[in-house]
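The next block holds one structure in the form of C-alpha cells; read it before the comments.
The values are calculated or read from the model by the stated rules, or taken from the named source; none is laboratory data. Here the structure is a predicted model, which means the values were calculated and not measured. Virtual Cβ from ideal backbone geometry, glycine too; neighbours counted across all protein chains shown.
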Amino acid sequence: MNIHIGLNVTDLETSLTFYTKLFGAKPVKVKPDYVKFLLEKPGLNFTLRPVDRVEGNHINHFGFQVFSTDELVKHKERLETEGFFSRNESDTTCCYAKQDKYWITDPDGHEWEFFLTKEDTEVDTVDSCCDEMNRYW
C-alpha cells in the first residue's frame, strides 16, 4: 500500500521544481494540469493540481493506492464494518489513469480515496473524481 496525497497548488511549474528537489526524484507523469511523483521509500503517490488560489484548505485529497482488486475490496469491507459509508467509482478515468476506487470522508470533511490503477491513459476526466471534492471546500 502507498500513501497518496493530492495537493492543490497555484503555480504548477514552481511546485514541480520544488518537489523534484525535495524528493530528489523526477515525476513519473507531467501534464499541463497534473504532476505525479511515485516514490518507493516512503511508499508515496504524490500529485499536484493547479488552482487559481489556495485559501484555507489547500489539500485536494488523501488516499491509499492498492495493488489488487482483492486488496481494494478487503479495505472497503473493513471500513464498512467499522461504520464508514463509501462512495464507489468503478472503471473511472481520473488523473490520467483508469481506476476502481471508493471514497470515505473524515469528520472534518477531508476525503480519503482508496484506489486501484488499472492502466494509464491520455485522458483526465477530473470532473468525475478528484476535483469533485473541491466544490465542497
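Which residues, taken from the range 73-98, are surrounded by 15 or more Cβ atoms within 10 Å (Cβ to Cβ) and within 15 Å of the chain's Cα centre (by Cα)?
The answer is Glu89, Thr92, Thr93, Cys94, Cys95, Tyr96, Ala97, Lys98.
Given the criteria among the aromatic types (Phe, Trp, Tyr), over 17 Å from Asp124 (Cβ atoms) and touching a strand residue (DSSP E or B) at 6+ places or on another chain (Cβ under 8 Å), does Phe37 qualify?
no
Which of the residues that make up the range 100-137 are surrounded by 14 or more Cβ atoms within 10 Å (Cβ to Cβ), polar (S, T, N, Q) and either at pLDDT below 75 or assigned to a strand (DSSP E or B) (or both)?
The answer is Thr105, Thr117, Asn134.
Just the residues that are in contact with a Gly (Cβ under 8 Å, 6 or more places away or on another chain) and within 19 Å of Thr125 (Cα to Cα), please, taken from the range 1-34.
Of everything in the range 1-34, those that are in contact with a Gly (Cβ under 8 Å, 6 or more places away or on another chain) and within 19 Å of Thr125 (Cα to Cα) turn out to be His4, Ile5, Gly6.
With out of contact with any Ser or Thr (no Cβ under 9 Å at 6 or more places or on another chain), free of Cβ contacts under 8 Å to residues at least 12 places away in the same chain and of a type in the set (S, T, N, Q) as the only criterion, which of Ser68, Ser90, Ser15 stands out?
Checking each option against the conditions leaves just Ser90.
Can you work out which of the residues in the range 49-72 that are under 20 Å from Thr117 (Cα atoms) and either touching a His at 6+ places or on another chain (Cβ under 8 Å) or among the hydrophobic types (A, V, I, L, M, F, W, C) (or both) is surrounded by the fewest Cβ atoms within 10 Å (Cβ to Cβ)?
Here the residue is Phe67.
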